[in-house]
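Asker: One structure, as structure tokens, below. Some questions next.
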Amino acid sequence: MKVTIITKADGTIVGVTPVHTSIQPGALSGGLIAGHGETAHEIDLPHEFNAIVDGEKLHHQIKAHLAKKP
């Protein structure tokens, strides 16, 4: 699952949204934009993340996943 993640400088996750790759012509779309001092990450998450329904647990797992990235 490809997602966009916005983090603060201290690593706190501000927002997570799926990346939509099949937007129809003329359709409206939206997404996350990093604010001042924030960073946008576009990453592929393992399929196991699809099963996480608790937002707090999802943020915890994503933060741990980001820590492994170079």
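The values are calculated or read from the model by the stated rules, or taken from the named source; none is laboratory data. Note that the structure is predicted; figures quoted are calculated from it, not measured. Note that we place each Cβ from the backbone using ideal geometry, even for glycine, and neighbour counts take in every protein chain shown. Note: areas computed on protein heavy atoms with side chains; ligands, DNA, RNA excluded. Shrake-Rupley method; radii C 1.70, N 1.55, O 1.52, S 1.80 Å.
Asker: So for the pair Lys68, Glu42, with labels modelled 7 Å out along Cα→Cβ, what separation do we get in nm?
Answerer: Here the modelled spin labels are 2.3 nm apart.
Asker: Hey, what's the chain come to in accessible area per residue, 1.4 Å probe, Å²? Numbers along the way, then the final one.
Answerer: On the way: 5240 Å² over 70 residues.
Result: 75 Å² of accessible area for each residue.
Asker: Continuing with this model, one more query. Run the accessible area of the chain with a 1.4 Å probe and give the carbon-and-sulfur part as a rounded percent.
Answerer: 54 percent
Asker: Mind grabbing the base-10 log of I(q)/I(0) for the stretch 9-55 at q = 0.21 Å⁻¹? Debye formula, identical points on the C-alpha positions, no solvent, two decimal places.
Answerer: At q = 0.21 Å⁻¹ the computed log10 ratios are -0.98.
Asker: Here's a follow-up. Highest mean first, how do 1-9, 49-57 rank when packing is the count of other Cβ atoms within 10 Å averaged over residues?
Answerer: Result, highest mean Cβ count within 10 Å first: 1-9, 49-57.
Asker: Can you show me the helix-derived [θ] at 222 nm for the chain, built from DSSP H runs with n ≥ 4 at -39,500 (n - 2.57) apiece and divided by the number of residues, rounded to the nearest 500.
Answerer: Computed ellipticity for the chain at 222 nm equals -6500 deg cm²/dmol.
Asker: 7 Å from Cα along Cα→Cβ at both Ser29 and Lys8: what's the point-to-point distance in nm?
Answerer: Label-label distance for Ser29 and Lys8, simple model: 3.0 nm.
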